[in-house]
Amino acid sequence: MKNSTTTVMYHYIRDNYVENTPNLNSLDFKLFKKQLDWLQDNFIPMSVYEYFNHIDNNIKFPKNKFLLT
């Protein structure tokens, strides 16, 4: 049986228009907040310690948890 969880990773969150970096592959603050709101409404965040505890001890991940990096 596969043991997996939802993992969300962000590299750059910034206002590209204010910072004058339109070609930088980043996420706008408003969209970032919208995505976080959606995650919070649909999942429960898990700590990195909880994540590694599941990995190290071969514990099945709950369906409703996610890791934000």
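The values are calculated or read from the model by the stated rules, or taken from the named source; none is laboratory data. Only a predicted model underlies this, so the values are computations on that prediction, with no experimental measurement involved. With ideal geometry, Cβ positions are generated from the backbone for all residues, glycine too; neighbour counts draw on all protein chains shown. Accessible surface areas use protein heavy atoms only, side chains included; no ligands, DNA or RNA. Shrake-Rupley method; radii C 1.70, N 1.55, O 1.52, S 1.80 Å.
Observations on the model:
- Listed by first and then second residue, the pairs linking a residue in region 33-58 that is farther than 30 Å from residue 15 by Cα to a residue that is open to solvent by 70 Å² or more (accessible area, probe 1.4 Å), with Cβ atoms under 8 Å apart and 6 or more places separating them unless they lie on different chains, are 54/60.
- Any hit, region 23-44, residues being at negative phi, at pLDDT below 85 and more than 18 Å from the chain's Cα centre (by Cα): yes
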